[in-house]
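Here the structure comes first, spelled out in structure tokens, and everything after it is commentary.
The values are calculated or read from the model by the stated rules, or taken from the named source; none is laboratory data. Worth saying up front: this structure is predicted, and the values here are computed from it rather than measured. Here the Cβ positions follow ideal geometry from the backbone for every residue, glycine too, while neighbour counts run over all protein chains shown.
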């Protein structure tokens, strides 16, 4: 996936400008983005503060780490069950 040239805090500030009353078309022209991109950002980041974004990112990283840990343990458990079944 292509990396955005805008940081999450920049995205939030652009969305806040639109909430303050700046027309979306003008805002998109200033930022150099399409209207579709603006609405994608709004659906993803709408109503969030920069501190909330940081917390969400941390939770996503922790969640992915826990999923990998679970997958490793499930694989190990399956291998142990196969080994026990062969011995019996």
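Overview of values
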read-out	value
Scan of the range 22-37 for residues that are surrounded by 13 or more Cβ atoms within 10 Å (Cβ to Cβ) and assigned to a loop (DSSP other than H, G, I, E, B), ordered by number	22, 33
Output for the range 1-21, where each listed residue is under 15 Å from the mean Cα position of the chain (by Cα) and loosely packed, with under 11 Cβ neighbours inside 10 Å	1, 2, 3
Only one of 36, 71, 85 that is outside the structural domain of residue 4 (by TED's automatic domain parsing) and at pLDDT 95 or above	71
Matching residues, the range 5-20, being out of contact with any helix residue (DSSP H, G or I) (no Cβ under 9 Å at 6 or more places or on another chain) and in a helix (DSSP H, G or I)	16, 19
Residue check for residue 54: touching a helix residue (DSSP H, G or I) at 6+ places or on another chain (Cβ under 9 Å), without any contact (Cβ under 8 Å) to a residue 60 or more places away in the chain, surrounded by 11 or more Cβ atoms within 10 Å (Cβ to Cβ) and not assigned by TED's automatic domain parsing to the domain that holds residue 6	yes
